[in-house]
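Heads up: the structure comes next, in structure tokens.
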Amino acid sequence: MLLAGVPAIVLPSVAGIAVVPAVAGWLMFSNAAHLVFAWHTRTTGGFVWELLLGILYIFVGVYAFVHPVAGLASLPLVFALYLFAEGVLEFILSFRLRPMLGSN
């Protein structure tokens with residue numbers, strides 16, 4: 001931890017640029033998970049919403065991965081927009097999946 005923490009304190013811009021691809025990778029992994037979940041819920045009406053979440057994840061992840069410096073500068077705004085959009089889509093999805101057996 002010290003080997004990573006001390007250079008991150010000394011060179012925060014380099015540490016920030018190193019974090020952006022990790023966040024982008026996390027978003028792309030989440031994209032794959034949402035697409036798999038969308039495939040499993042395709043008969044419940046939640047397929048479209050999970051697909052939209054997957055597309056949102058891949059868009060933000062690829063943007064951050066391709067443009068790490070711009071991703072670092074815009075990461076708080078992009079992450080806030082991403083979380084807001086995810087919240088709206090998850091809220092809609094919760095109403096779409098509510099009639100499923102065992103959702104109570």
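The values are calculated or read from the model by the stated rules, or taken from the named source; none is laboratory data. Computed from a predicted structure; not experimentally measured. Please note: Cβ atoms are built from the backbone with ideal geometry, for glycine as well, and neighbour counts cover all protein chains shown.
Descriptive notes on the structure:
- Contact map, the stretch 1-16: first residue farther than 25 Å from Ser74 by Cβ, second residue assigned to a helix (DSSP H, G or I) and at pLDDT below 80, Cβ cut-off under 7 Å, separation 6 or more or different chains; the map is empty.
- Just one of the listed residues (Val20, Val14, Val66, Val6) is touching a Gly at 6+ places or on another chain (Cβ under 7 Å) and over 20 Å from Leu89 (Cβ atoms), namely Val20.
- Qualifying residue in the stretch 43-51 (condition: over 23 Å from Gly87 (Cβ atoms) and either at pLDDT below 80 or surrounded by 19 or more Cβ atoms within 10 Å (Cβ to Cβ) (or both)): yes
- Residues that are hydrophobic (A, V, I, L, M, F, W, C) and without any contact (Cβ under 8 Å) to a residue 24 or more places away in the chain were ranked within the stretch 56-78; the one that is nearest to Gly16 (Cα to Cα) is Ala73.
- Only a single item in (1) loosely packed, with under 12 Cβ neighbours inside 10 Å; (2) under 13 Å from the mean Cα position of the chain (by Cα) is not met by Gly61, and it is number (1).
- Considering only residues in the stretch 1-42 that are in contact with an Asp or Glu (Cβ under 9 Å, 6 or more places away or on another chain) and aromatic (Phe, Trp, Tyr), the one that is surrounded by the most Cβ atoms within 10 Å (Cβ to Cβ) turns out to be Phe37.
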